[in-house]
1. Please go through region 279-304 and pick out each residue that is in a loop (DSSP other than H, G, I, E, B), within 15 Å of the ligand (Cβ to nearest atom) and not β-branched (Val, Ile, Thr).
2. Are any residues in region 50-104 in a helix (DSSP H, G or I) and farther than 29 Å from ALA395 by Cβ, and if so, which ones?
3. Looking at GLU321, GLU373, which one is part of a loop (DSSP other than H, G, I, E, B) and either basic (Lys, Arg) or out of contact with any Phe, Trp or Tyr (no Cβ under 7 Å at 6 or more places or on another chain) (or both)?
4. LEU62 fails exactly one of the following numbered conditions: (1) open to solvent by 20 Å² or more (accessible area, probe 1.4 Å); (2) within 10 Å of the ligand (Cβ to nearest atom); (3) in contact with a Ser or Thr (Cβ under 7 Å, 6 or more places away or on another chain); (4) modelled with pLDDT under 95. What is the number of that condition?
5. Select from region 259-274 the residues that are open to solvent by 50 Å² or more (accessible area, probe 1.4 Å), assigned to a loop (DSSP other than H, G, I, E, B) and either away from the ligand (no atom under 11 Å from the Cβ) or touching a Lys or Arg at 6+ places or on another chain (Cβ under 8 Å) (or both) and list them in ascending order.
6. Scanning for something away from the ligand (no atom under 14 Å from the Cβ), open to solvent by 20 Å² or more (accessible area, probe 1.4 Å) and free of Cβ contacts under 8 Å to residues at least 40 places away in the same chain, does region 26-34 turn up at least one residue?
Amino acid sequence: MPEPAHHVDVVIVGAGVAGLSAAHQLTSAGVTTVVLEAAPYVGGRMSTEKVDGFRLDRIGQLLTTSYPELRHTPGLDALVLRPFAPGLLVHSAGRHHRMAEPSGGRSARGALTAARALASAPRVPRPVRTAPGAPPRPPSRTTPRPSRPPSRTAPLGGALDQARLGAALARIAATPVRRLLARPELPAGQALSARGLPARTVEGFLRPLLSALLCDPDLTTSSRCADLALHAFARGRLCLPEGGADALPELLAGALPPGTVRTGVRVTSVSANRVTTAEHGELTCAGVLLATDARAAAELLPGLRVPPFHPVTVVHHAAPEPPLDGPALLLDADREGPVAHTAVVSHVDPTRAPAGRTLVSSTVLGTPPDDLERSVRDHLAKLYGAPTDRWELLAVHRTREAVPAMPPPHDLRRPVRLLAGLYVCGDHRDTSTVQGALHSGRRAAHAALADLGIRPACTEESLPAAA
Ligand SMILES: Cc1cc2nc3c(=O)[nH]c(=O)nc-3n(C[C@H](O)[C@H](O)[C@H](O)COP(=O)(O)OP(=O)(O)OC[C@H]3O[C@@H](n4cnc5c(N)ncnc54)[C@H](O)[C@@H]3O)c2cc1C
């Protein structure tokens, strides 16, 4: 810890991904920076618990390869993203349906072809190689079939409905972000119904997909944020950071100049040129950048708004054998239990389970039921069509204030400069995602650099628009 008399240019409070992203922008512009973190580890909400060789994330597992900040934040060059199988597996009317692969930003024709091809694809994805150089997937096993009789109606309906969805996804992938943000703003659930897509496509695919992407089961989120989430989905692949969610902040922290990040230091008050810590007294500086979660930020600066939050619970099980082949993300469209989405995570990223073991991670959105353990187990048995009685419960991570809610009207670029020398960032200033948190850190650091009269190494205009 710097001596109390020690002076640094900028003190950042909080070593979540927003604070670490800001630290990279500042240090790469030659500004002396220290990041003070109350917890004994970096990463904030992007933390990973280690249990018996399993790596168990606190956050739900949905990053997107198309998030611009994952490519442009200094320090993330070594990040390996493990994609889920292309497209999605949806559990609807008691059986699995493989859904359209996003176009990846290609033409509407490409998306349409993909949607048609997938209409006749096997319903369970085959194992795939993910990152270049990644080991092959574990050998295929016979996939248990759901116990309920197959339904005749797929959530997307016939070929025409599938083509319509493919074209809609391609359109959204090709629409510039600024045009998405100019659309009228409604609650996402309401806006979905007005998109001219058949109700079964909306209820059977888009609603569960968006609920999962936004951590919002009731889709009260602004339709602009929902469009951004669909835009990112349609342009990339859903993915996990190899090794666990904490790999991302650890890479960021590890690439900063030695001694920049100090853990186990709780900040108790801030002003434009001074922070006070519980453990080490005061530190003077030219600027303070507050990079905590929204509630901690409002405790340190009482004028700041505390948004409502979406609670999220992540339940991790070790299964005696994989209940599904391949690295698919399985979404629930039937809503017959608490699980919104689930995956055999050890298929997506084998480093997250000891050799020969199977890790299944499942996400519950909203307030969890009282009998969470039993109801999740029963629901997973339905979703995978396999008995779950012998599955070992590894961890339940409940986060009441997981994701700041983004109801309309939502300001996607809330101001990060409070006054010269005092800045605030975090997912609550942008979108409530890893992308939003990283981007807010960049914006706040650039505001601080502008006040210090320093031009950032990489300007905002030179970057692609952030989702
Ligand atoms: C269960 C769950 C599921 C999620 N699912 C997804 C998802 O699927 N996709 C996605 O993109 N995002 C998801 N998110 C959101 C994503 O994790 C967050 O948006 C992002 O991690 C926020 O980063 P941050 O740096 O803004 O804040 P935080 O990670 O909260 O970091 C703030 C840091 O400040 C520190 N701090 C607080 N007070 C003080 C103090 N007084 N002194 C010093 N340090 C302090 C905290 O300890 C913390 O380390 C999920 C989050 C949760 C919890």
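The values are calculated or read from the model by the stated rules, or taken from the named source; none is laboratory data. Keep in mind the model is a prediction, meaning the values are calculated, not measured. Positions of Cβ are backbone-derived with ideal geometry, glycine not excepted, and every protein chain shown enters the neighbour counts. We work out accessible area using only protein heavy atoms, side chains counted, and drop any ligands, DNA or RNA first. Shrake-Rupley method; radii C 1.70, N 1.55, O 1.52, S 1.80 Å.
1. Within region 279-304, GLU279, HIS280, ALA291, ASP293, LEU301, PRO302, LEU304 qualify.
2. Those that are in a helix (DSSP H, G or I) and farther than 29 Å from ALA395 by Cβ: PRO68, ARG71, HIS72.
3. Just a single option satisfies the conditions, and that option is GLU321.
4. Every listed condition holds for LEU62 apart from (3).
5. Of everything in region 259-274, just one residue is open to solvent by 50 Å² or more (accessible area, probe 1.4 Å), assigned to a loop (DSSP other than H, G, I, E, B) and either away from the ligand (no atom under 11 Å from the Cβ) or touching a Lys or Arg at 6+ places or on another chain (Cβ under 8 Å) (or both), namely ASN273.
6. yes
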